[in-house]
Amino acid sequence: MSRDFNPDHVSPLVQRTLDLVILLAGNEFSGVSVTELCSATKLRSDTVVRSLANLVAAGWAEKIIETGRYRLAAKPVQIALAFSTALDRAQSQVDSIRNRYSRQP
């Protein structure tokens, strides 16, 4: 844990919203209903709807028009892909260094 971590700075609202992101993950095709999110989080529907509105505004969630259910939007996937690309680049650098140091003189 970071030494800069201060529990007094943790926002319950932000934590609840992040919980919704976790619940939306893996349901990109069928989505999750507000009722299911309320049941999973034990939150009132108005709280869940407000948090979902913030996630939609930030590009992290989207409402499936046909069903009214919610799913993750493109942004978290794009972040994951960017991380994967950076990891591949770093692995290439490690491989290059390994090859350089493992050659016989």
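Coordinate-derived values only; no laboratory data. Only a predicted model underlies this, so the values are computations on that prediction, with no experimental measurement involved.
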Relative to the longest principal Cα axis of the chain, at what angle does helix 74-102 sit, 0 to 90 degrees, rounded to 10?
10
Select one label from [x] 13.9, 45; [y] 19.9, 69; [z] 16.5, 59: the one whose number is Rg and Dmax of the Cα atoms in Å as derived from the coordinates shown.
[y]
Report relative contact order for the chain in percent, whole number only (criteria: Cα-Cα under 8 Å, sequence separation at least 6).
22
Report, in whole Å, the centroid distance computed from the Cα atoms of the range 41-55 and the range 70-90.
25
Backbone HN-Hα couplings from phi across the range 53-61 [Karplus 6.51/-1.76/1.60, Hz, Gly and Pro as x]
4, 5, 5, 5, 4, 8, x, 9, 9
